[in-house]
Every structure is written in structure tokens, then in C-alpha cells.
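Below is one structure, written out as C-alpha cells; the observations come after it.
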């Protein structure tokens, strides 16, 4: 005979229990001194500012042939299969633009193929994940390799409480 579960387990709410007031300390709640008092509410996190730009972001892995598959980012730029592209390297990032005289192009499947020389220049290997930032207004795609992300985020993580330690 097998046991049948009665349903999902009930999880108690994550609410800290009330704290008893110490002797001589006034209580914040009803009742005599030494009764229950309320904890102050936890601090509220800051609200992030609204976005002002039109940049479209994506993350994708580089496959063994140098292809990066994020059609949403390429679609935001209006790049179709066969669109000729120009690659430039700047400050550890790749800058990609559509150019009529571009030597490389969007693949027939609609993927961005990073040429071998470009991948070597940025230290990209198969399996690396890259951040893609498409600016449709400028017609520019910026590919941020892991090393560039490490450099940018190192400063941000150092500013977290406890230095970002978990």
C-alpha cells in the first residue's frame, strides 16, 4: 500500500516574531510594560531610474563556428540574413555596423557570425557568453566579451555592501 500525499506542504510566512520589550522599556503595542513591541519596518530599496535610451540587450553563447544567435537584437537593428557587416575592435569590445561594402554578413539563419580573427582579438572561445547591446538609432551593435564585462563589473561589485561578499 502506498501513501498518498495530502497536498502541497504549507510554508509558514516569513515574518519575524514580535520582540518582547525589556524591563523598563516602553512597549509600542497594547498591554502592560514588558508586553510585545513592534519591530521597525525594514528599509525600502532604492528605486531604479527609468530608462531613457532605446538600446536593446541580449546574451548569447558563441558556438564552435563563431555564431551568436540572438535574433531579437538583430531584428531591432533591422538586419536580415545577408546584411553586409563591418567589424571593428575598440577598448576590448567589438563594434558591428551594417555597411554596403562589408565583407562579412548575417548568416542565412539570421545569426551573427564573428570571424576567427575577431574572436582571437577579443579572446573569445566556443561557449563564451557575450553581452549584445544594439543601438537602433545609431545602427550599432556592441559585443561585450567576458573580459570586458569583468572589467566593468569589478568596480560595481566593489561598491556593494560588504564588498559584494555573500
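The values are calculated or read from the model by the stated rules, or taken from the named source; none is laboratory data. This is a predicted model, so every value here is computed, not measured. Cβ sites come from the backbone with ideal geometry, for glycine too, and all protein chains shown count toward neighbours.
Considering each of 110, 123 in turn, give the residue that is over 20 Å from the mean Cα position of the chain (by Cα) and surrounded by fewer than 16 Cβ atoms within 10 Å (Cβ to Cβ).
Selected residue: 123, the only one of 110, 123 that is over 20 Å from the mean Cα position of the chain (by Cα) and surrounded by fewer than 16 Cβ atoms within 10 Å (Cβ to Cβ).
Can you tell me which of 91, 76 is farther than 13 Å from residue 130 by Cα, in contact (Cβ under 8 Å) with a residue 12 or more places away in the chain, within 24 Å of the chain's Cα centre (by Cα) and loosely packed, with under 15 Cβ neighbours inside 10 Å?
Exactly one residue qualifies, and that residue is 91.
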Working only within the range 79-88, note down all residues that are within 13 Å of residue 141 (Cβ to Cβ) and surrounded by fewer than 16 Cβ atoms within 10 Å (Cβ to Cβ). 86, 88
Residues located in the range 46-71, provided they are within 15 Å of residue 115 (Cα to Cα) and either touching a residue at least 60 places away in the same chain (Cβ under 8 Å) or outside any strand (DSSP E or B) (or both): 61, 62, 63, 64, 65, 66, 68, 69
How about the range 90-166: which strands (runs of 3 or more DSSP E) wholly inside it have at least 2 residues that are touching a strand residue (DSSP E or B) at 6+ places or on another chain (Cβ under 9 Å) and farther than 14 Å from residue 69 by Cα? 93-98, 140-144
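Based on this model, can you work out whether residue 132 counts as under 28 Å from residue 51 (Cα atoms), surrounded by 14 or more Cβ atoms within 10 Å (Cβ to Cβ), at pLDDT 90 or above and touching a helix residue (DSSP H, G or I) at 6+ places or on another chain (Cβ under 9 Å)?
Yes, satisfied.
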Here is a check on your reading of the model: is residue 155 within 22 Å of residue 55 (Cα to Cα) and free of Cβ contacts under 8 Å to residues at least 60 places away in the same chain? no
